[in-house]
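J.: Questions regarding the structure given below will be posed in turn.
The values are calculated or read from the model by the stated rules, or taken from the named source; none is laboratory data. Since this is a predicted model, take the numbers as computed values, not measurements. Quick reminder, even Gly has a Cβ in these numbers, built from the backbone with ideal geometry, and neighbours come from all protein chains shown.
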Amino acid sequence: MPSSGIPVRAGEAGLEIRQSQAADRGAQGRLFDQCFGKTDGASVLPWRYDGCPHGTAIAPAALGDDGQLLASYAAQPRRVHFRGDATGASVIAQTGDVMTSPELRSRGVFTDLHWVAMGEAQSRGWPAAWGLPNKFSGHIFFDKLAWRHAGHIGPWNFVLATSSAARAIRHQNGRLAKWGTPWAAWRGHAARRKATLPGTTVERWRTVPHDVKGLSNHVEQDFDWMVHRDAPYLTWRYLDAPCQRFALIGIRDAAGALIAYTAIQRPWGSDPDPACKLGFIVDLVGADPGAEAMALDVALVALARAGAAVVRAYAMRGSHWGRVLERGGFRRPRGHKEVGAYPLWPGHPLADATMDTSRWFFTDGDRDDEYAR
């Protein structure tokens, strides 16, 4: 049964609240740039809201008397499987893009948009929603909107070099981390599993092969919560992303079967920006621990060749992906960000699983952000 208690709100006086359409993306993009200090809203939001093969985003907007779009919110769809059961798969929403014009902040507009989004998600049969509240919105989600604390996410780091860029990146974790860069690099390389399975081949994907769906189906059987991967989804998520920063690499065994793939985000920026030496492993799926270890090493090699001094990957605390990173020599996070969740259909297996991130198979590519930071 769906959750009861989702309020019906009339909205802020003088504002019309409605579901946005593709024609609204230009106005939402301008608001996105204004709220987040970006310049790419016009290209990112149509890709994010309308292009995903798992469905169109729920993106309610608040309009003034003159029709100007003044606030917006979004719930992004991801098709999630429970223990590999495709018949029981459902769309889980990730919320984000909380955007409000400065003159309307602290007037309850976001709360109205939130409940409109949750009501629409519930009517579509989506069992749950989750999100990453920041330090400004956390108290609203957890105290006012009754979201649950589902877990924590944090950045794991692998130090590839002892350069000044590596020290600058490590300085984000404090002076001790900066001074310990050589030690962190030595520890990482000592723990690194330079695994090469006999008879395997490594291939760079310009197009995503269709047998990635079978690999995803195989891995999903071990997890209560995993976003389903197939060729259309990975093509949209990485190859069609507006930033064009990703590379996809597959690994096949001696018989030609796909046993793993990884998605990396190449370093970008320009000196002296440390970001020009920071690479990311944003996705990795392997058929077994040996395939995961080889894919992790393949990703590190590719990012080193691309100029990375430090490689970062985000993982949920206590998760499978975190354990893969730890075995591969990545340094534990110094801090974590809280993950919130809201059940829309309590008792649904995926609603229950959404409330505990340690039960998820989750990589950074499963987030609604276009690229990792």
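J.: Among the residues of region 316-328, which ones are buried (at least 20 other Cβ atoms within 10 Å of the Cβ) and in contact with a Gly (Cβ under 7 Å, 6 or more places away or on another chain)?
T.: Answer for region 316-328, where residues must be buried (at least 20 other Cβ atoms within 10 Å of the Cβ) and in contact with a Gly (Cβ under 7 Å, 6 or more places away or on another chain): just M316.
J.: Continuing with the same structure: Which of the residues spanning region 189-246 are part of a helix (DSSP H, G or I), farther than 18 Å from E292 by Cβ, of a type in the set (A, V, I, L, M) and at pLDDT 95 or above?
T.: A231, L239
J.: Additional query: Just to be sure, is A313 buried (at least 20 other Cβ atoms within 10 Å of the Cβ) and either modelled with pLDDT under 95 or not assigned by TED's automatic domain parsing to the domain that holds L197 (or both)?
T.: The answer is no for A313.
J.: Moving to a separate point now. P60 - would you say it is within 28 Å of F223 (Cβ to Cβ), modelled with pLDDT of 95 or more and out of contact with any Pro (no Cβ under 8 Å at 6 or more places or on another chain)?
T.: no
J.: Here's a follow-up. Would you point out the residue of region 72-96, among those that are of a type in the set (V, I, T) and within 20 Å of V219 (Cβ to Cβ), that is farthest from the chain's Cα centre (by Cα)?
T.: T87
J.: Find the residue count for region 350-373, including only residues that are in a loop (DSSP other than H, G, I, E, B) and hydrophobic (A, V, I, L, M, F, W, C).
T.: 3
J.: Something else now. At pLDDT 70 or above and not aromatic (F, W, Y): does that describe T162?
T.: It is false that T162 is at pLDDT 70 or above and not aromatic (F, W, Y).
J.: Moving on to the next point. Here is a list of conditions, (1) in contact (Cβ under 8 Å) with a residue 40 or more places away in the chain; (2) within 19 Å of the chain's Cα centre (by Cα), and R323 meets all of them except one; can you say which number that is?
T.: (1)
J.: Yes or no: G347 over 26 Å from A241 (Cβ atoms) and either assigned to a loop (DSSP other than H, G, I, E, B) or not charged (D, E, K, R) (or both)?
T.: Yes, satisfied.
J.: Quick one: is A255 buried (at least 21 other Cβ atoms within 10 Å of the Cβ) and modelled with pLDDT of 95 or more?
T.: Considered against the rule, which asks whether it is buried (at least 21 other Cβ atoms within 10 Å of the Cβ) and modelled with pLDDT of 95 or more, A255 comes out as no.
J.: Another question about this same structure. Kindly indicate whether any position in region 352-367 is among the acidic types (D, E), touching a helix residue (DSSP H, G or I) at 6+ places or on another chain (Cβ under 8 Å) and touching a residue at least 12 places away in the same chain (Cβ under 8 Å).
T.: no
J.: Looking at region 286-306, can you tell me whether even one residue there is acidic (D, E), touching a residue at least 60 places away in the same chain (Cβ under 8 Å) and either touching a Gly at 6+ places or on another chain (Cβ under 6 Å) or in the same structural domain as L132 (by TED's automatic domain parsing) (or both)?
T.: no
J.: Tally time: how many residues in region 105-118 are in contact with a helix residue (DSSP H, G or I) (Cβ under 9 Å, 6 or more places away or on another chain) and either more than 22 Å from L350 (Cα to Cα) or among the small types (G, A, S) (or both)?
T.: 2
J.: If you don't mind, another one. Tell me, which residue of region 133-160 that is of a type in the set (A, V, I, L, M) and under 12 Å from Y342 (Cα atoms) is nearest to the chain's Cα centre (by Cα)?
T.: Across region 133-160, the extreme among qualifying residues is A150.
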